[in-house]
Amino acid sequence: MDVMAKTSTTTQGLRTAIERSGYYPALVAEAVESALGGEPIRSYLVHQETTFDQNEVRRHVTVLVLTGNRFIVSHTDEQAADSTSPTPYATTSTESVKLGRISSVVVSRVVANPEQYQPGTLPREVVLTIGWGAVSRIDLEPAACGDPNCEADHGYTGSSTADDLSLRVSEAGDGPDTVRQALAFAQAISEATADVTR
């Protein structure tokens, strides 16, 4: 398959995945395509999440797209009518990150019965965390020494974590195809960021 045909197939696959999510597909597709600017797609992941907030059901869709040079993140949320708007509305945002800015890609896998694990078995759950320095979380706690009777102030200790994007998919909630797609996207972005640092 030549590059143009592959690009066309990947673009159509992304649009089909957005439509299959059933979450304002015209709005989501337009935002993502605008951010892409015609750049060929290497990999993508579409994840729809439904949450329950007291008496309301809220939906959220995240679209991740990897190109040759960039990582694009799109979030779309729906909101009920409120004091600022008499009708329900949706908010869509996109962020474009140069691959060289990505500092970490973390893939956490949850597998059942690890003693019986066979290579290639689909994890029960995957959490993909990608950091590029836009958002950092600092966890602090009082520092202490080993003396239980010590009353001195030892200051604080803590850790700083890049936490720009964290996405959880599960076989039970999202289906095995979404878990496979999340693993494929994680591998593609890991390889792409490794290529940039060489």
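The values are calculated or read from the model by the stated rules, or taken from the named source; none is laboratory data. Quick caveat, the model's predicted, so the values are computed rather than measured. Note that we place each Cβ from the backbone using ideal geometry, even for glycine, and neighbour counts take in every protein chain shown. For the accessible areas, the whole protein counts, side chains as well, though only heavy atoms, and no ligand, DNA or RNA atoms are used. Shrake-Rupley method; radii C 1.70, N 1.55, O 1.52, S 1.80 Å.
Just the residues that are buried (at least 17 other Cβ atoms within 10 Å of the Cβ) and closer than 15 Å to Thr178 by Cα, please, taken from region 110-137.
Our first condition is that a residue be buried (at least 17 other Cβ atoms within 10 Å of the Cβ); within region 110-137, this holds for 123, 125-132.
Selection gives Pro123, Glu125, Val126, Val127, Leu128.
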> Which one of these does Ser21 not meet: (1) surrounded by fewer than 16 Cβ atoms within 10 Å (Cβ to Cβ); (2) within 28 Å of Pro176 (Cβ to Cβ)?
Replying inline: (1)
> Hey, among the residues in region 149-171 that are among the small types (Gly, Ala, Ser) and at pLDDT below 75, which one's farthest from Val97 (Cα to Cα)?
Replying inline: Gly158
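How many residues are open to solvent by 50 Å² or more (accessible area, probe 1.4 Å) and under 21 Å from Pro25 (Cα atoms) if we restrict to region 78-101? Quick ask: steps written out before the conclusion?
Of all residues in region 78-101, those open to solvent by 50 Å² or more (accessible area, probe 1.4 Å) come to 79, 81-84, 86-89, 91, 93-96, 98, 100-101.
Pick out the ones that are also under 21 Å from Pro25 (Cα atoms) and you get 79, 81, 87-89, 91, 93-96.
Within region 78-101, residues that are open to solvent by 50 Å² or more (accessible area, probe 1.4 Å) and under 21 Å from Pro25 (Cα atoms) number 10.
Tell me, yes or no, whether region 119-126 has at least one residue that is β-branched (Val, Ile, Thr) and at pLDDT 95 or above. Break it down stepwise before answering.
Initial filter on region 119-126 (β-branched (Val, Ile, Thr)): 121, 126.
Then keep just the ones that are at pLDDT 95 or above; that gives 126.
The answer is yes, given that some residue of region 119-126 is β-branched (Val, Ile, Thr) and at pLDDT 95 or above.
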> In region 49-76, what residues are open to solvent by 50 Å² or more (accessible area, probe 1.4 Å), on the phi < 0 side of the Ramachandran plot and at pLDDT below 90?
Replying inline: Glu49, Thr50, Thr51, Phe52, Asp53, Asn55, Glu56, Val57, Arg58, Arg59
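Modelled with pLDDT under 90 and over 17 Å from Ala188 (Cβ atoms): which single residue out of Ala112, Ala134 fits that description? So that I can check it myself, show each step before the final result.
On the way: Ala112 fails: modelled with pLDDT under 90.
Testing whether each residue is modelled with pLDDT under 90 and over 17 Å from Ala188 (Cβ atoms) leaves just Ala134.
Can you confirm whether Leu27 is hydrophobic (A, V, I, L, M, F, W, C) and part of a helix (DSSP H, G or I)? First the steps, then the outcome.
Values: hydrophobic (A, V, I, L, M, F, W, C): yes; part of a helix (DSSP H, G or I): yes.
When the stated conditions are applied, Leu27 passes them.
Can you confirm whether Val106 is at pLDDT below 95, out of contact with any helix residue (DSSP H, G or I) (no Cβ under 6 Å at 6 or more places or on another chain) and under 20 Å from Ala192 (Cα atoms)? Lay out the reasoning, then the answer.
Details: at pLDDT below 95: yes; out of contact with any helix residue (DSSP H, G or I) (no Cβ under 6 Å at 6 or more places or on another chain): yes; under 20 Å from Ala192 (Cα atoms): yes.
Yes.
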